[in-house]
Ligand code: ADP
């Protein structure tokens, strides 16, 4: 089964989420379900980060824009606007290209996850091919993985972007298609009036109350130049398998350079920041328990969406790092760090939480070779037992699991007659992990619209 690998930036990869509800049968049986999932993911991407990505890249391309627009004549303003529209069309096509690759991977990954246990799956190791001699921050180069497959970069030709598919799915006008994406940027664009433009993509991607076709000059602060390069830890420098985690350190913690602390184990077990943020938004509540807090990737984000975070870990060193890291993000005072075995904690505490988040040990990065048995290979106990402990605190649960986890087993964790939601998280086109939600935190399914004729 072919997987599509497209990378944009190791520091700021695009993040796509594909999510579906399952009842007792873990199956996706209708074309409509796939299409709904795809459409929801694309819309969600735009609302969450699409516009921000557009602006960031715009200000990078035109660092003087903010000053120039203040003194621009009306003709120059129109030129800027045309340039912005072109920028929107081109980048949107790039994003769509990566998205469609991610979605194809999702179909494959889900098919793998639905296989019987112990069948070997074709899951490629992220950055397995990494050429360690390259510039650390240069993410815009073509790569190939150990299967000889090419990793496309975001600057590669987005030819495979299926325009017809886009239009069918989203009802978008043609200027958002491959044609525009292929066009080379002109030295200075021709003036077009808003009514001449057939691109109303902005209506789709911008929040409703924002002015259409304009760049928000003040909304993106220019990133300060990184003052000093943090040194690669000795343990990573001498270990090629681990070095890949160093390259994506800013996707793990955007404030990495402020002194984030990680031990060797945490480099591969910490939840990347964009995913942790998404989970924290989904599980936003009054009191959340982060049962296996580790070095704090999730707890930090929970502290931004919940009133109180109870962060539990059996390892005192990990807790100390988590506390230190939380202070860097300015949220340490919202987190209560508890040094305990979660199983004992859940059995003995009188605390009732609104939500429990479980990110149990997977046993290191070698989990992806076959369909991952969440009953046998999770630590400290199998998933069913772990859920029983968690349900002592709350019925609302999120569990973060290896990407190759058996979906049938995940769905079986739901209570009788209840649904669960499984979210596949992709950074660029790579599946990082899955998150399953149970209880009131699942997104309720939208009722399919009935045709008038049916009524
Ligand atoms: P992974 O296998 O996903 O890399 P880790 O081995 O880093 O995960 O484990 C995640 C965290 O869970 C670690 O910080 C570890 O100390 C913690 N942990 C392991 N067992 C327990 C437990 N019984 N109770 C609480 N925390 C635990």
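The values are calculated or read from the model by the stated rules, or taken from the named source; none is laboratory data. Since this is a predicted model, take the numbers as computed values, not measurements. Cβ: placed from backbone, ideal geometry, glycine included. Neighbour counts: every protein chain shown.
Scanning the stretch 387-410 for residues that are out of contact with any helix residue (DSSP H, G or I) (no Cβ under 8 Å at 6 or more places or on another chain) and surrounded by 20 or more Cβ atoms within 10 Å (Cβ to Cβ) yields one hit, 387. With (1) surrounded by fewer than 23 Cβ atoms within 10 Å (Cβ to Cβ); (2) more than 12 Å from the ligand (Cβ to nearest atom); (3) closer than 16 Å to residue 292 by Cα as the list, and residue 375 as the residue in question, which single condition is left unmet? So residue 375 meets the others, but not (3).
Sort out which residues of the stretch 239-280 are within 16 Å of the ligand (Cβ to nearest atom), in a helix (DSSP H, G or I) and within 20 Å of the chain's Cα centre (by Cα), and write them in order of number. Spell out the reasoning first.
First, pick out the residues of the stretch 239-280 that are within 16 Å of the ligand (Cβ to nearest atom): 239, 241-242, 244-245, 248, 252-253, 260-272, 275-276, 279.
From what's left, in a helix (DSSP H, G or I): 241-242, 244-245, 252, 264-269, 275-276, 279.
Answer for the stretch 239-280, where residues must be within 16 Å of the ligand (Cβ to nearest atom), in a helix (DSSP H, G or I) and within 20 Å of the chain's Cα centre (by Cα): 244, 245, 252, 266, 267, 268, 269, 275, 276, 279.
The condition of being farther than 20 Å from residue 281 by Cα and modelled with pLDDT of 95 or more holds for only one of 371, 416, 410, 356, that being 410. Residues that are closer than 20 Å to residue 257 by Cβ and in a helix (DSSP H, G or I) within the stretch 321-344 comprise 321, 322, 323, 324, 325, 326, 327, 328, 332, listed in sequence order.
As an exercise: evaluate residue 363 against (1) within 14 Å of the ligand (Cβ to nearest atom); (2) under 19 Å from residue 279 (Cβ atoms); (3) part of a loop (DSSP other than H, G, I, E, B) and give the number of the one condition it does not meet. Here residue 363 meets the rest and fails (2). Is it the case that some residue within the stretch 385-405 is touching a strand residue (DSSP E or B) at 6+ places or on another chain (Cβ under 7 Å), part of a loop (DSSP other than H, G, I, E, B), within 16 Å of the ligand (Cβ to nearest atom) and more than 22 Å from residue 370 (Cα to Cα)? Checked the stretch 385-405: at least one residue is touching a strand residue (DSSP E or B) at 6+ places or on another chain (Cβ under 7 Å), part of a loop (DSSP other than H, G, I, E, B), within 16 Å of the ligand (Cβ to nearest atom) and more than 22 Å from residue 370 (Cα to Cα). Determine whether residue 99 is at pLDDT 95 or above, within 30 Å of residue 408 (Cα to Cα), in contact with a helix residue (DSSP H, G or I) (Cβ under 7 Å, 6 or more places away or on another chain) and part of a helix (DSSP H, G or I). Answer is yes for this residue.
Close contacts from the stretch 313-327, counting a first residue that is closer than 17 Å to residue 269 by Cβ and a second that is near the ligand (Cβ under 8 Å from one of its atoms) and part of a helix (DSSP H, G or I), with Cβ to Cβ under 8 Å and a gap of 6+ residues or different chains, come to 314/342; 318/266; 321/266.
Based on what the data block shows, is residue 291 farther than 15 Å from residue 261 by Cα and crowded, with 23+ Cβ neighbours inside 10 Å? Please lay out each step first, then the result.
On the way: farther than 15 Å from residue 261 by Cα: yes; crowded, with 23+ Cβ neighbours inside 10 Å: yes.
Yes, satisfied.
Among the residues making up the stretch 345-360, those that are part of a helix (DSSP H, G or I) and more than 10 Å from the ligand (Cβ to nearest atom) are 347, 348. In the set (1) at pLDDT below 75; (2) under 25 Å from residue 358 (Cα atoms), the condition left unmet by residue 230 is number (2).
Which one of these is in contact with a helix residue (DSSP H, G or I) (Cβ under 6 Å, 6 or more places away or on another chain) and in a helix (DSSP H, G or I): 58, 84? Talk me through it step by step, then tell me what you get.
Numbers: 84 fails: in contact with a helix residue (DSSP H, G or I) (Cβ under 6 Å, 6 or more places away or on another chain).
One residue alone meets the criteria, 58.
Among the residues of the stretch 331-343, how many are more than 8 Å from the ligand (Cβ to nearest atom) and farther than 20 Å from residue 307 by Cα? Can you show your working first?
Going residue by residue through the stretch 331-343, those that are more than 8 Å from the ligand (Cβ to nearest atom) are 331-339.
Subsequent filtering for residues that are farther than 20 Å from residue 307 by Cα retains 339.
The number of residues fulfilling the criteria is 1.
Yes or no, residue by residue, for (1) within 20 Å of residue 437 (Cβ to Cβ); (2) near the ligand (Cβ under 9 Å from one of its atoms):
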| site | (1), (2) |
| --- | --- |
| 285 | yes, no |
| 288 | yes, no |
| 292 | yes, yes |
| 299 | yes, no |
| 309 | yes, no |
| 314 | no, yes |
| 319 | no, yes |
| 322 | no, yes |
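In the stretch 39-54, is there at least one residue being surrounded by fewer than 17 Cβ atoms within 10 Å (Cβ to Cβ) and out of contact with any helix residue (DSSP H, G or I) (no Cβ under 9 Å at 6 or more places or on another chain)? Talk me through it step by step, then tell me what you get.
Within the stretch 39-54, the first condition is being surrounded by fewer than 17 Cβ atoms within 10 Å (Cβ to Cβ), and the residues that meet it are 39-40, 43, 47, 52.
Retained after the next criterion (residues that are out of contact with any helix residue (DSSP H, G or I) (no Cβ under 9 Å at 6 or more places or on another chain)): 40, 52.
Checking the stretch 39-54: at least one residue is surrounded by fewer than 17 Cβ atoms within 10 Å (Cβ to Cβ) and out of contact with any helix residue (DSSP H, G or I) (no Cβ under 9 Å at 6 or more places or on another chain).
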